[in-house]
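Below is one structure; the comments refer to it alone.
The values are calculated or read from the model by the stated rules, or taken from the named source; none is laboratory data. Note that this is a predicted model, so its numbers are computed, not measured. When we count neighbours, we look across all protein chains shown, and the Cβ atoms used for this are built from the backbone with ideal geometry, even at glycine. Heavy atoms of the whole protein, side chains included, go into the accessibility calculation; ligands, DNA and RNA do not. Shrake-Rupley method; radii C 1.70, N 1.55, O 1.52, S 1.80 Å.
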Amino acid sequence: MKNTERAFALATERYESTGVDVRRALKILATIPVSLHCWQGDDLGGFENMGGTLGGGLVATGNYPGKARTPDELRADLEMTYSLIPGKHRLSLHAIYGEFGGKKVDRDEITPAHFRNWIAWAKQNGLGLDFNPTCFSHPKANDGFTLAHPDKRIRKFWIEHCVRSREIGAAMGRALGKTCITNLWVPDGMKDTPADRRAPRARLAESLDTVFKKPLPPKFNLDSVEPKLFGIGSESYVAGSHEFYIGYALTRKKLLTLDAGHYHPTEGIADKLTSVLQFLPEMLLHVSRGVRWDSDHVVVLNDDLLAIAREIVANGYLDRVHIGLDFFDASINRVAAWTIGTRNMLRALLIALLEPTDRLRALEADGDFTSRLLLQEELKTLPFGAVWDYYCETKNVPVGENWLVNIKRYEKNVLSRRV
């Protein structure tokens, strides 16, 4: 018996003593897809060459060598990443990652044809795709407003972009037989105190209604809207706030996206899940790590991540919460960043699946809060690592830190040659 199997057998015995079926937990984990974000691979640059700057509170820090420069390079980096992550997952694309054949194609002209190679690649690799309009890094977004812009002509431009993005999402879902979630976020806001907070929000709501006017089959496309508290350049006011989009999602029957980095650093999103899902059937998560506001650090296995995973699993939300990642760290190997973040998301879900939820709730219902606290604390030192290693081994991906060897080899043979 291998060391991994021996450790797994002992861990299984220990977890079963708490009432947990370990093999059932692993079967469930294998069914949970995580949507990786394409923009980690190239620092949110994209391939349209419009010459814009990120803006909207978006900043990629660092200049680690080897970032993807072409769609083929980005897909190669993603294939390496997926080979190191157990399970079958998804990819979230931004509109600027289309393939435009060297031609200038403005955002209000994009079509599904510009993403045919991504669709073919996803089909070949058994992946689902998600999509995002790109309402930043463009001359028509330089003053900080898009869908809420006071100029009707600029609003019309961005409305058309978002309409076309929804159609691309639906085309992806139809081609792959996997529902695409098209997530809409705009950076609209002001650096200093506004004189009028109402008008931009009224314009934003009107623009959104126009974007979503045409119904699309939910089998192929689901629409989600994403709030934000603040961004660099919009420190004092964001039109699409948390309260704005909760109201919009509820009244227009859209998904709500919660981004872990879009709130105050001491405010976790885990507690919001059971509130939002009292009233909405589904939602989307962008899991990030905001060390200082929306700083989009690589996801680590910390209390915030564990709390998010626990709320999803313990409340039976696995079929109602769509899990995606959203960070971009250019200070370390970008493929390693993807791998670390995704494996941590999956490990957090595994820890949640290994919790004796029914037992904890029974203690709580009985008013035995002493036993509840004791069990919650004892669970923290149970050998989930042995279960995770076994899961990785059975899914034919490297165990423990051994995957870093693959990354270093890839860096030497591929990434270092990108100059």
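Observations, loosely collected:
- Here the dipole of region 123-241 is about 440 debye; that uses its Cα centre as origin and unit charges on the Cβ of Lys and Arg (positive) and Asp and Glu (negative).
- Computed extension gain for PHE100 through ALA195, at 0.36 nm per residue and net of the alpha carbon distance, reaches 30.1 nm.
- Per residue, region 273-419 exposes 47 Å² of solvent-accessible protein surface, assessed with a 1.4 angstrom probe and all protein chains in place.
- Among the trypsin sites (Lys or Arg not before Pro) within region 231-285, those in coil by DSSP and having at most 15 neighbouring Cβ atoms inside 10 Å are LYS253.
- Accessible surface of region 100-140 [probe 1.4 Å, protein heavy atoms]: carbon and sulfur percent: 48
- Considering helices alone, the calculated mean residue ellipticity of the chain at 222 nm is -13000 deg cm²/dmol, with DSSP H runs of length four and up weighted by -39500 (n - 2.57) and normalised per residue.
- For region 219-302, the Cβ-based charge dipole about the Cα centre amounts to some 240 debye (Lys, Arg positive; Asp, Glu negative; other atoms uncharged).
- Within the same chain, aspartates and glutamates fewer than 8 places from LYS214 are excluded, and of the rest, those with a Cα less than 16 Å from its Cα are GLU160, GLU167, GLU206, ASP223.
- Taking each residue as 0.36 nm, the span from ALA362 to LEU250 lengthens on full extension beyond its C-alpha to C-alpha distance by 37.0 nm.
- In the context of the full set of protein chains, region 145-224 has a per residue accessible area of 46 Å² (1.4 Å probe).
- Of the trypsin sites (Lys or Arg not before Pro) found in region 353-419, those that fall in a DSSP loop while having at most 15 other beta-carbon atoms within 10 Å are LYS380, LYS395, ARG418.
- Extreme residue, positive dipole direction of the chain, given options ALA9, LEU208, PRO86 (C-beta unit charges): LEU208
- Debye-sum result for region 1-129 in log10 I(q)/I(0), which assumes one identical scatterer on each alpha carbon, at q = 0.10 Å⁻¹: -0.49
- Portion, in percent, of the accessible area of region 211-332 that falls on carbon or sulfur, probe 1.4 Å: 56
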